[in-house]
Structure formats: C-alpha cells, structure tokens
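Throughout, read-outs are computed from the coordinates displayed, never taken from laboratory work. Computed from a prediction, not measured in an experiment: that's the story for all the values here. Quick reminder, even Gly has a Cβ in these numbers, built from the backbone with ideal geometry, and neighbours come from all protein chains shown.
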4 protein chains.
Amino acid sequence: MNKNMEKVCLVIGAGAGIGGTVAKKFASDGYYAYLARRTDEEGLNRLIKEIEDAGGKASGSLLNVIEESSIEDLVNKIESEIGPIDTVIYNIGAQIGDRALADTSYKAFEMGWRMATFGLFRLAQVLTPKMKERQSGNIIVTSATSAVRGNGGQHSHAAAMGGRRMLCQSLNAEFSKDGIHVAHVIIDGAVDAPDTLGKMLGPELFEQFKEKKGENGMIIPEEVAETYLFIAKQKKSTWTHEIDIRAFSDQAWWNH
Amino acid sequence: MNKNMEKVCLVIGAGAGIGGTVAKKFASDGYYAYLARRTDEEGLNRLIKEIEDAGGKASGSLLNVIEESSIEDLVNKIESEIGPIDTVIYNIGAQIGDRALADTSYKAFEMGWRMATFGLFRLAQVLTPKMKERQSGNIIVTSATSAVRGNGGQHSHAAAMGGRRMLCQSLNAEFSKDGIHVAHVIIDGAVDAPDTLGKMLGPELFEQFKEKKGENGMIIPEEVAETYLFIAKQKKSTWTHEIDIRAFSDQAWWNH
Amino acid sequence: MNKNMEKVCLVIGAGAGIGGTVAKKFASDGYYAYLARRTDEEGLNRLIKEIEDAGGKASGSLLNVIEESSIEDLVNKIESEIGPIDTVIYNIGAQIGDRALADTSYKAFEMGWRMATFGLFRLAQVLTPKMKERQSGNIIVTSATSAVRGNGGQHSHAAAMGGRRMLCQSLNAEFSKDGIHVAHVIIDGAVDAPDTLGKMLGPELFEQFKEKKGENGMIIPEEVAETYLFIAKQKKSTWTHEIDIRAFSDQAWWNH
Amino acid sequence: MNKNMEKVCLVIGAGAGIGGTVAKKFASDGYYAYLARRTDEEGLNRLIKEIEDAGGKASGSLLNVIEESSIEDLVNKIESEIGPIDTVIYNIGAQIGDRALADTSYKAFEMGWRMATFGLFRLAQVLTPKMKERQSGNIIVTSATSAVRGNGGQHSHAAAMGGRRMLCQSLNAEFSKDGIHVAHVIIDGAVDAPDTLGKMLGPELFEQFKEKKGENGMIIPEEVAETYLFIAKQKKSTWTHEIDIRAFSDQAWWNH
C-alpha cells in the first residue's frame, strides 16, 4: 500500500443511525471513513465534520445505490484516490413498514430488491476481486429479522432481505478462503435511529415509542458499531458469519 | 361456480419433469389442468394430448413469465374462460449451474430474481384477491436447497430462492386466515427431469449421472406430484407450509 | 415374511388423540396396528375394539416408556409374535405446560428427556438393526414447535424436543441409505385431542378453547393420520424428513 | 457488593483449550477467574499460576459436573466466599467422536445429556435467582455444529447439544428481561485445543491434522476468548444471543 494511501472503511447508507455511527467508530480506530448516503448533504457534512473534529479522517458523497454504475464507480474512485477498502458496511435497508400485499406496488417490491439484494451483489462484483488480490477484507451487512422469517405485511422487505442473506452465504462460501470475511448481522429489534425509524414514525410517535420501550429498550447505534468493529478485527482463524442483536427487554424473533 | 366452469390447476413451468407430471396427476384427480411453459409448443401439446388420452381435461399455452403482464393476463383469462384456479403450481426455477461470482452477470442475477421471486409476487397479486373472495385456494411453490442455504457458485440462484422462501412465509402470514394455503416444497436433491437437469447436463452426462445415482437414487416427478396433490387436499385444519424431499440415498442438505 | 406374520404399525403413545387415530388409519390401510400407551387399559381396549369392528386387526398393551427394557422388550415381542414392524409412530410428548425455571423440577426435566429423547434413542437401538436387515421401515416422530425454538416456560419441553429433533437428523443421516425412513413431524399448533390438551386444560377450559379457535381452528387427528400414512407410503426416491402442520387460522411459529 | 468481594468469572470446563484461555482473558480484564475442570489438578494449578504470574486473580477446583449437587455447591460456595458470579462460561462438551448408533451405548447417550444439557439446566437453576436479584449477569455457552444439525455418528452429541440450544433459547426468553444475558456460541470448526481434539486424536494425528489445516486453519482459543469477553461486555440494549465461529479456510456447516 502506497504510504499516502489510507485504510478505508466505506459505509454505504451512512445516515444518523447505525451507518454514521459505525463510520465514527471506525474513524476513531484509525480507518479513513468514507460515508455514502442517498440524501441530506448537510447531514452528511455534519457527520464528516464530527469525525474530523474528533481527530479522524473522513469524506463522503451522496449516492443513489439503485443508479446504474453508482456503487461500482464509487468503489473504483475510492480505491484509486483514497486507498484500499479494508471494510465495507452495506447498511442499505428496504423496510417500508407493514403493507398488505394489495398495497405493495410492483415498484416498491422491485426497489426493495434493487436496494437490499442487487446493490450488495453489485458491490461484491466490483470489490471482491480487489479484496481477493489483497487476500483480505471485510464485507459487513446490516440485516433484519425479515431476513430469517417472512411476516404479515413484509412481502417486499422479507423477499429482499431473505435473498440477501442467502447471497451473503454464497459469497462467504466462495470468498472466505480468499481472506474475505462476509458477516451478516441480524438487527432483531428497534434501533434508536432518527433517520430511519424516526422518519418512518415521525418525531412524536418516535418519542412515544422510545418511552414505551424504556431505558436500554432500543438497540443503540454506538453498541452496534462496537459489534461491527469487533467483527472487522476478528482474526481469520476465528471468523463470525452470522450474529444477532436485540435489546434485553425484547423477545427474540423466534419467541412470542 | 357456473356449472360449465372447471376447477383449474394451473401449472406455471409445465416441462417434462415435475411440472408436466403434476399437471397429469391433478388432471387424473378431476382438475382441469392448464399447462404454461416458456418454450417447446410441441412438447406442450404432447403433454396435453397425454392428459386427454387418459380421459382428463387440459389446455395450455406458451408463457414467458418475465414479460410484463404475462402472468396476470393468463390468470385473468383462465378465471374468466375456464374456471376458478383452485391450485396453482409455481414451478419456475432459476438454477443456472454453479458459477463463480465473476461469471455471474448482472443480467443473470436479475433474471433469477424476475423468474423465481418477482414472478411469484406478481402471481400472488393477481390471484390472491380471487382466492380470498372464494376463501379457498392452494399456492404450491417448487423450491430448492438454495432457498435455505447459499453455496459456492449459487449467488443468483440462492438470492432468488431465498427471497422467494421469505415471500412464501409473508404470503402465508397474510393469507392463511383467508383460506389460502401457501406451501413451499424444498426439492433437496436431483430430479429425474429431462427438461431441466437433462438439458443442463446434456443427454450423455445425464445418463451417466443417473447410473451413478442408482435405482431410486433420483427424485421421481411422479412422486413429487403425489406430494403436491396431497398438499392440495389437506383440510384447512391441518395445513403444511414447508416440506422437504430427497432420495433415500442422498444426504440432507444439512449433512456432509 | 412368514405368511402368518403381519405387517405391523406400532404406535407408541396411542391415546385418544393423534396416536389412536393414526393406529386406526393404518389399520384401515391393511396394517396390523399395535397400540401401546401408559395408562387407561379401558381406553386402550375401546380403541382396539373400534379397529376390529371396522374390520381391522389390532392389539395392544400398557407401556411405560421410561421403564428399563420396556420399549426393547415390546419391539422384540411384536417382531417375534406378530410380525415385522414396518412403521413405528413415536408419539410420546413431554409437554408439561408453561413453567418458570424455578418451578421446573430436576425430575420433570429428566422425565422430559427420558420420554421424548432417550425413549426414541432406545427404540432406534432395538429397531434399526431389524429394519436395516429388511432394508425398509418408517420411523415417524410426532414433534412440536418446541423442537425448533425454545420459549418462555418451555425449559423441559424444548430441551427434550430439541434434542430429539437433532437425534432424528442423525438417525436419518446414518440409516436412510439402508432404506429406513425417519420423519420428524412438527405439530405447530393446538390439536383437538381430549387425552392430552383436554386433560391439561380440563373439560371446561378445553371446550372454551375450542370455541375460541373456531371451526377448523384446531389440528384434527384424522388429518394428521393422513399425513403419517402419506409419509409411510412415500417411495424411497422421494422421502420427506421434515414437515410442519398447523391450522389455517393459526400463525406459524416464526410469525407473531 | 462487599468491597472485599470479587467480580467473578466462573469457567466450567477450564481445560487447556477454550476454557482455560477464556479464564486468562477475563482475569486480564479484571475479573476474578474461577476454574473448574474434571481432571488434571496439575494442569489446573498451572493455569491458575499463569494467571497469577500475569497479575490476575484466580483459583479453582476439580469438578465432576454429573455428580449430584456438584455444580450447585460450587456456585453457592463461590458466591458466598469469593464474590458474585458476573459471568459463567459453560464449556462442557459431549463430543465422543463419530460412532454408529450400534456403538453408542445407553450410558454414553445419557452421559452426553447429563454433561451438556442437564448440567446447564442445574447451573441455571442455582445461578439465575442470584443474577435476577442483581438484575445482571452473563451465561455464555460454548456450543458446536451438532447443536444445529444432526449428522452421521453424532447421535449422542447432537441430541445433547440440540437440547441445550433449545434450553438456551428458553432461558433467554425467561430471563433476558431480568438483565441476564444468555449467549449460545456455535463453534463450527476444529479448535486448536490439546485437551479436547488433541486427546481425541492423539498427539501424532493432531499434528498431522493441524498441518493439513494450514496456518490460521484452526480456531484459536485466544480469539474465542476475545469473542466471549466481547459478549460479556455488550450493553443490555444490544445483546447477542447466538453467534457462529469458524476458520476462514473452513466451509460453514450449511455448505458442502
């Protein structure tokens, strides 16, 4: 690695919840954080400034993952201009709230797949050859309960996340021997994330929901970030492919 | 039901393996079999004639499931011209053989999804309102090992089938209370099917493979058809959502 | 097979619910049904008489599966005096109702294991050599939701059934190639069974529960029996190892 | 907590592999390590001395988990004489190597259950009331592939570990809300552990096996210990119940 090159952690889906927090965590650990998100340039710049103010290195850009070549161009640009991507966090969800089948449009169903499944496939296509050449790299995927069981109203989400989970397993089967660590993290509960759940519920309902959940009753992005860094630092003799996460006060998805 | 209307079993993917055999089985049980397949009109007509020669009722047409409105139009046409679809067999696979990620084109990955996942979603969109109104109906989906675990070289197949399995679970969660029975059948082994495995391997390799597997060493379409009919006839108090199938001489996917 | 010998279906746990009904079903299909149950000789004799009145052949005896040599002796006695056991139904549950850990005695936990897990192991020890010699036989195990997920209050039941499920998989892995078909049937809902759920709830609560569940809202033993016979008749090219069952009005265990 | 009391990490099954290494790791993090193992007092004392030489606090004793009251008495003694058990590592396996059913004695099958399943149940019985009163504590269970799928020759092991996994889920369902963190760690590969795999294979075969696996090809106890410490330190808003571990060069259990 050229001495001017940085060891990069690329976060795709770097909002104010898990994504941005993971970027901060990896930056505080010495990574160069690259933050990509679909909208809100102001929020993006705020996150970058927070990282820099804390002594870290970061930059970022807006990215629409469903646009042709968007992910591919970004990866190539980072690799040539900033440094090798040691770790990528694929933090693109596809939750659109509970919708009956009749209310789930063809477009919504396809968007779910384009964001959650096809986007990861495209990322793997462009990044795995580079990681394979280096015989090292982490692909960490934020996942959800819907990846392991379909549920009422979750047609689009479950199909997208379930396909993605199997893709993670096929990627792991092909690339672990090449030193590429693929991890699938099942976030099995509500995350205290203003940019996702907060936007879906609106500020008032979000506050009520948080109150109902009680202290420590929602998954904290900072703690998820600890998990991701832990996974990225696992030695290759001892890799985790799948891990679940929820608050102590929640029941696991298999209970009810 | 108008007395001139038939009780229809629609088979989407009615080749010479599972699909066509299931059509025959349901026809022999009194269903009107409608056979839809992508190519080979001659083969289609042969199957229809076999059913009619055996005293059954059947018709069919070529169908490209990935074409816009193709599934939707067919379902509407059958329902208005032939009779209510009591049972639909979604027998569209997406196996393209083992391919490294680098050899799996974007197009192949998308085709897998369009055929295996999106096609079922579209079918459910057009058919569930009709079945719900009748408070009855069976949606039986031929599935594969890749629906439950990704494997090396199975990127496209696993993502498509894994997404489809979760879709089956979300459909079941929404519609079972409305009398719609969704069943996901995991075909966990090689099927003695000249139109799928036979074509993939070529006639010579297919014969060698069959010989190696030995007597009863491959899943027999006739027996799969028995399973499908059994599922279609389960009373609503006692429904199966998932069932696996393999030959006695094969190890289950979880063994090795 | 000696011409005076019968083709036997042995039901271990032949109460008035699934067990007794399966015995009747197999008897009506030509099997000699042998019914074993822990208590209620009168109820046992009534079932046998019902089978005989319907033109079937049956006998039975009381059996305490946790007693040393009880299962082993019975299997040997049937095989030498009546005929080869073609199919055995292991229908011994271990549900003791929801109990907090503090209320689950060591004895209850051990009994759960002795009945649900160790009993099946002992049965397999004595029966598989005979079935292997004949290169044929079915071992069908009635299982429950607790075999696939632990739940609050289910400490004893889940540990026993979860262990049993893994035992079924290891038996299948060793013996399927020898023509022995092991099937694990997940009964994922309430069964309309006066001898089990009925006794647990008491007659009044049981009636209220049935009313709440509505028509077809409980699993019907007759339909489970159809499933067991279907599994026993599957050809060896097309075997099912696991199948789930629930009423249309219930949600699957993975939903909530 | 009395100021003379220590924050204890109790390791049940503290051999020279995962168990002893986890004890060292927790001791280096400030825990008082208590090491319990079945045999080899010399090895036990060596581990304790290593911890003390590194500036940590530790003690230990021989413990036969299948002996009546052994676990219960130890927990009570530690709690009254040393300090509250913050974290317990249940590191008792039940692997006896691949054995055909005919070679798996009743005694071996029962021992598997007594060690792997019943021992954890007894531990939970004595420890959860204390942890519940403190509204905090970690129960970390070393598990194996056999907990998630039975395999040829694994009758005893799979039944014991599969039952234990369901027990972990039922414990988690009852006690997570009380601040007790139950984690089930699936060790899905060979561990570089002289006291377990090494003893099973013998020194010569063990060396050959290690050579075949190559550099980083076996799970390293030190890295497993990092995982356990990470889990013990997770905040209650963000708990992991299940995590898998294997070397990069191994295929996951679901692949083959």
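Along its three principal axes, how long is the stretch A:134-224 when you only count alpha carbons? Whole Å, largest extent first please.
48, 30, 18
For residue A:181, enumerate residues with amide H under 5 Å from its amide H, sequence gap 5+ or separate chain, H modeled in the peptide plane.
Hits under the 5 Å cutoff: A:137, A:138, A:139.
In debye, nearest 20: dipole of chain B around its Cα centre with unit charges on the Cβ of K, R (+) and D, E (-)?
Taking the Cα centre of chain B as origin, the dipole is about 680 debye.
Label-to-label distances across copies for residue B:100, with labels 7 Å out along Cα→Cβ, in nm, shortest first?
Going from nearest to farthest copy, the values are 4.2, 5.0, 6.0 nm.
Does the stretch A:104-156 come out rounded, prolate or oblate by the C-alpha gyration tensor, with a ≥ b ≥ c the root eigenvalues, rounded set by a/c under 1.5 and, if not, prolate when a/b is larger than b/c and oblate if not? Let's see the in-between values first.
Numbers: a/c = 5.44, a/b = 2.09, b/c = 2.61.
Note, shape of the stretch A:104-156 comes out oblate.
Measure off 7 Å from each Cα along the Cα-to-Cβ vector at residue A:212 and residue D:45, then give the distance between these two points in nanometres to one decimal.
My value for the distance between the label points is 6.1 nm.
Counting DSSP beta bridges with both partners in the protein assembly as shown, what percentage is antiparallel, nearest 5?
Around 5 percent antiparallel, to the nearest 5.
Could you identify the residue of A sitting closest to the A-C rotation axis by Cβ and state that distance rounded to whole angstrom?
A:256, 2
Are any of the pairs A:107/A:212; A:25/A:210; A:24/A:77; A:107/B:77; A:233/D:233 more than 27 Å apart by Cα-Cα distance, and if so, which?
Among A:107/A:212; A:25/A:210; A:24/A:77; A:107/B:77; A:233/D:233, the Cα-Cα distance tops 27 Å for A:107/A:212.
Taking the Cα centre of each part, how many Å lie between the stretch A:2-21 and the stretch D:227-255?
With the stretch A:2-21 and the stretch D:227-255 each reduced to a Cα centre, they are spaced 23 Å.
Find me the longest stretch of chain D that has none of the exposed GluC sites (Glu not before Pro), where exposed means in a DSSP loop (not H, G, I, E or B) with at most 16 other Cβ atoms within 10 Å.
Longest gap between qualifying sites, sites excluded: D:69-214.
Using a Gaussian network for chain A with springs between C-alpha atoms less than 10 Å apart, which of these wobbles most: A:120, A:205, A:44?
Taking springs between Cα atoms under 10 Å, the residue moving most is A:205.
According to the square roots a ≥ b ≥ c of the eigenvalues of the Cα gyration tensor, what is the shape class of the protein assembly as shown, taking rounded for a/c under 1.5, prolate for a/b larger than b/c otherwise, and oblate for the remainder? Display every interim value, and only then the final one.
Working: a/c = 1.68, a/b = 1.12, b/c = 1.49.
Taking the square roots of the gyration eigenvalues as a ≥ b ≥ c, the protein assembly as shown is oblate.
How big is the stretch A:77-124 by the Kirkwood estimate over distinct Cα pairs, in Å?
Kirkwood hydrodynamic radius for the stretch A:77-124: 12.9 Å.
Which of the three applies to the stretch A:17-158, rounded, prolate or oblate, going by the alpha-carbon gyration tensor with a ≥ b ≥ c and a/c under 1.5 meaning rounded?
prolate
Using a 10 angstrom cutoff on alpha carbons, build the Gaussian network for chain D and name the most mobile of D:97, D:19, D:60.
Result for chain D, Cα springs under 10 Å: D:97 fluctuates most.
Over the alpha-carbon set of chain C, divide Rg by the Kirkwood Rh and report the Rg/Rh ratio to two decimals.
0.95
Compute the whole-percent fraction of alpha carbon pairs in the stretch B:1-75 spaced more than 13 Å apart.
Looking at the stretch B:1-75, the distances longer than 13 Å represent 62 percent of pairs.
Any idea how far the Cα center of the stretch C:97-133 sits from the one of the stretch D:105-163, in Å?
The two parts, judged by their Cα centres, are 15 Å apart.
If you put a point 7 Å past Cα along the Cβ direction, how far is that point for residue D:204 from the same point in each other copy, in nm, smallest first?
4.7, 7.5, 8.0
Taking each label point as 7 Å beyond Cα in the direction of the beta carbon, state the distances from residue A:61 to the same residue in the other copies, shortest first, in nm.
Listed shortest first, these distances are 4.8, 6.6, 8.1 nm.
With the contact rule set at Cα under 8 Å and sequence spacing of 6 or more, what percent relative contact order holds for the stretch A:1-103?
On the way: 164 pairs, mean separation 35.2, N = 103.
Result for the stretch A:1-103 is 34 percent.
Springs between alpha-carbon atoms under 10 Å, Gaussian network over chain C: tell me which of C:37, C:165, C:122 tops the mean-square fluctuations.
C:122
Could you give the Stokes-Einstein D for the stretch B:172-256 in µm² per second, using the C-alpha Kirkwood radius, 37 °C, 0.692 mPa s? Please report the intermediate quantities before stating the final value.
Working: Rh = 14.7 Å.
So the translational diffusion coefficient is about 223 µm²/s.
Okay, which of the stretch A:52-78 sit inside 11 Å, backbone N to the point 7 Å along the Cα-Cβ direction of residue B:106?
A:66-73
With contacts defined as alpha carbon pairs under 8 Å and 6 or more residues apart, what's the relative contact order of chain B in percent?
After rounding, I find 19 percent.
How far is helix B:119-134 tilted, in degrees, relative to the longest principal axis of the Cα atoms in chain B, given as a value from 0 to 90 rounded to the nearest 10?
The answer is roughly 30 degrees.
Below 12 Å, Cα to Cα, which aspartates and glutamates can residue D:57 reach? Residues fewer than 8 away in the same chain don't count.
The reachable aspartates and glutamates, counting only those whose Cα sits under 12 Å from residue D:57, are D:6, D:29.
Take every residue in peptide B:170-183, count the Cβ atoms of other chains within 10 Å of its Cβ, and give the average of those counts. Provide the component values of the computation, followed by the final result.
On the way: counts 16, 6, 9, 13, 12, 4, 9, 6, 1, 3, 1, 1, 1, 1.
Mean inter-chain Cβ contacts per residue within 10 Å come to 6.
Applying 1/(1 + (r/R0)^6) with R0 = 35 Å to the Cβ-Cβ distance of residue B:133 and residue B:52, what FRET efficiency is obtained, to the nearest 0.05?
For R0 = 35 Å, the calculated efficiency reads 0.70.
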